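Worksheet: one structure, shown below.
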Amino acid sequence: MRLPYAPNTPPADASADTADIYNRIAARRNPRPLIPLDLSLLHSPPVADGWNSFLGAIRTRTIVDLGILELAVCRVAVLNDAVYEWNAHAPLALKGGIKPEELHACRTLPSTAKGDLSQLESSPLTPQQRAVLRYTDQMTVTVKVDQEVFIELQNVGFNDREIVELTTGIAGYNCVSRFLVALDVGENNDRQMKSVDELVAALQ
């Protein structure tokens with residue numbers, strides 16, 4: 001971490017507002033303690049509070065399938081080389097129903113952002129997962145999304161609310177990954193992403 005971490009509990013001279021922010025973040029993490037990401041953001045309590053509310057809504061108040069959302073987050077991590085993000089969310093993708101071979105494809109397939117679909121089409125991913133990867137790749141790499149890629153999301157069954165939630169999830173975790181990598185939160189930048197085999201073994 002390029003900065004010292006903020007304390008795990010509100011400083012003795014913290015305002016009541018800052019103490020409340022600590023409590024809100026701790027409540028979302030409960031029963032886990034605050035994580036390095038929280039302790040980085042808490043240098044700016046108002047930003048940490050807004051971040052907690054936004055990401056908390058994406059994680060706990062959306063209807064988009066959890067496995068699909070985590071697959072998109074993992075793809076963002078791969079594209080942005082965000083080791084911390086991959087290691088945190090790849091196990092959640094597996095718990096959410098993503099198969100090991102599907103997660104491995106997410107980890108290893110080259111970007112489809114500029115239209116190279118040859119390896120994607122022969123991958124073990126489902127049509128819905130392929131659509132999500134194409135959407136994630138374009139949102140992350142080229143930012144602009146081709147109309148055909150957007151229509152593909154609709155064709156594989158996503159409704160309007162789910163598309164908004166998936167889009168905010170991809171955008172939000174692009175923000176997360178850039179923050180993590182820029183400040184080297186968790187001291188992960190020089191480490192390797194865990195392999196799918198390691199992740200599967202850890203869950204058994």
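The values are calculated or read from the model by the stated rules, or taken from the named source; none is laboratory data. As the structure is a prediction and not an experimental result, all values here were calculated from the model. Here the Cβ positions follow ideal geometry from the backbone for every residue, glycine too, while neighbour counts run over all protein chains shown. The accessibility values were calculated without ligands, DNA or RNA, using every heavy atom of the protein model including side chains. Shrake-Rupley method; radii C 1.70, N 1.55, O 1.52, S 1.80 Å.
Here the 3J(HN,Hα) profile of the range 185-190, calculated from phi with Karplus coefficients 6.51, -1.76 and 1.60 at θ = phi - 60°, is 5, x, 6, 10, 4, 9 Hz, Gly and Pro shown as x. Note on the chain: with charges restricted to the Cβ of Lys and Arg (+1) and Asp and Glu (-1), its dipole about the Cα centre is near 240 debye. Computed with a 1.4 Å probe on the full set of protein chains, the accessible area for CYS74 sits at about 0 Å².
Each part reduced to its alpha carbon centroid, the range 105-140 and the range 152-204 end up 14 Å apart. Which option, [x] 204; [y] 124; [z] 158, is the value of volume of the Cα convex hull per residue in Å³ that was calculated from these coordinates? So the structure-derived entry is [y]. Computed over the range 92-163, the percent of Cα pairs more than 17 Å apart is 43.
Across the chain, the mean sequence separation of Cα contacts (distance under 8 Å, 6 or more residues apart), normalised by length, yields a relative contact order of 27 percent.
The peptide list 102-112, 159-169, 188-198, put in order of mean Cβ contacts within 10 Å with the highest first, becomes 102-112, 159-169, 188-198. Here the simple spin-label model places points 7 Å from the Cα toward Cβ, and for ILE63 and VAL47 these points are separated by 3.5 nm. Per residue, the range 82-204 exposes 50 Å² of accessible surface when a 1.4 Å probe is rolled over the protein heavy atoms with every protein chain present. Taking a straight Cα-Cα cut-off under 20 Å and skipping sequence neighbours fewer than 8 places away in the same chain, the lysines within cross-link reach of LYS99 are LYS194.
Taking the protein heavy atoms of the chain in the context of the full set of protein chains, the accessible area attributed to carbon and sulfur is 53 percent at 1.4 Å.
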